[in-house]
Amino acid sequence: MVKIVVLAGGVGGARFVLGLKAALGLPPIGPPASEAASKQADTAEHDITVVVNTGDDIWLHGLRICPDLDTCMYTLGGGIDTERGWGRAGETWVVKAELARYGADPDWFGLGDRDLATHLVRTRMLHEGYPLSVVTATLCTRWRPGVRLLPATDDRCETHVVVTDSEGLRAMHFQEWWIRHGAALPASEFVQVGADEAEPAAGVREAIAEADAVLLAPSNPVVSIGSMLAIPAIRRAVRSTTARVIGLSPIVGGCAMRGMAETCLASIGVRCEAGAVGEHYGARVTGGILDGWLVHTGDGAPVPGMEVREVPLLMTDIAATAAMATAALDLAGLAV
């Protein structure tokens, strides 16, 4: 059995895993539907574990919200709003409207009615003492994503942003900076609160150690991949695995394909270029984490200590994304 671990954020990471499943001959959305096909899947030649960023997680209205985990679960389980790339398909917003009528803070984060059920179940289980990894596995029994979804950590480890505004220098949760302020407040630092004491969630360390390839999805290198690598034991696991570690650039032609990665990179002094992000991750032979780096055609630039290849990196559809995944596995030394 070929074992593959993907470190992923939300929208971009989820879409990449869809392509990876297709590249391996697996149904992109969910597992096989028939009983016979399901039995065949149990003995499949490929095993995919997706370790998902939890730095975006936040408590709001008394509920624990895990945006990246939910985006991966809904996308791979066929319940995502494909136009937005996040949230539930067919969503309604009655609860959000009622909260607004009460003047309940915060009013800048929208909770959809369908999505709310996921947060209610998660919060109840957390209050009952179940770790986030067990809660996630339970939620996935409904969505059946066809991969093993693991939170990066069961511990509380959140990304906060140091900003300067009319109140002076202060810190706020990444979600408030990202959603409420549209990343417009000048940021001087991203802090992963709790990262130094956090441990990888159950199964994360073992999955990386046993992997035949470790892939960094084309997710935000600062607040998605970076938040996971801020957990010391995860960085050590990636650096010590015998598998080749391959990253896919989220920067194409000097622009981030989604989100506000340009702003995040600028805040930490990294140019919004594929080569600069590769250098930010660094090569394992020079103390970093990567053995290989895939960049979009035309973005090639040497990165000390790692093999750089140019391939199309636009996730325009499943076939294009599957080709990206195939190229990453090839660079990792796996033939599919």
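Since every read-out is calculated from the coordinates, none of them should be taken as a lab result. These figures come from a predicted structure and were not determined experimentally. When we count neighbours, we look across all protein chains shown, and the Cβ atoms used for this are built from the backbone with ideal geometry, even at glycine.
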(request) For region 85-103 and region 214-274, write down the distance between their C-alpha centroids in whole Å. (result) 32
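Do me a favour and compute the ellipsoid semi-axes for region 37-130 from its Cα gyration tensor, root of five times each eigenvalue, largest one first, whole Å. If you can, show how the numbers build up before the last one.
Details: eigenvalues 172, 53, 28 Å².
Three semi-axes, in Å: 29, 16, 12.
Suppose only helical runs count, i.e. DSSP H with n ≥ 4. What mean residue ellipticity at 222 nm does that imply for the chain under -39500 (n - 2.57) per run, divided by all residues and rounded to the nearest 500 deg cm²/dmol? Before the final figure, lay out the partial values.
On the way: 12 runs with 118 residues, N = 336.
Helices in the chain give a 222 nm mean residue ellipticity of -10000 deg cm²/dmol.
With the convex hull built on the Cα atoms of region 165-285, state its orientation-averaged projected area in nm².
Numbers: hull surface 33.4 nm².
Result: a mean projected hull area of 8.4 nm².
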(request) Describe numerically, in nm with one decimal, the distance between label points set 7 Å from Cα along Cα→Cβ at ALA266 and at THR164. (result) 1.4
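Could you tell me the convex hull volume per residue, in Å³, taken over the Cα atoms of region 80-224? Let's see the in-between values first.
Working: hull volume 24.2 nm³, N = 145.
Residue-normalised Cα hull volume stands at 167 Å³.
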(request) For an R0 of 45 angstrom, estimate the FRET efficiency from the Cβ-Cβ distance between ASP113 and GLU210 and round to the nearest 0.05. (result) 0.65
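Determine, for GLU273, GLU45, the number of other Cβ atoms within 10 Å of each Cβ, and report the residues in order from fewest to most.
Numbers: GLU273 18, GLU45 10.
Ranked by crowding around the Cβ, least crowded first: GLU45, GLU273.
For the peptides 96-106, 214-224, 183-193, what is the packing order when you average, over each peptide's residues, the other Cβ atoms within 10 Å and list the highest mean first?
On the way: 96-106: 11.4, 214-224: 28.6, 183-193: 16.1.
Ranking, from highest mean packing down: 214-224, 183-193, 96-106.
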(message) Rg/Rh for the chain to two decimals, with Rh computed the Kirkwood way over all alpha-carbon pairs.
(response) 0.95
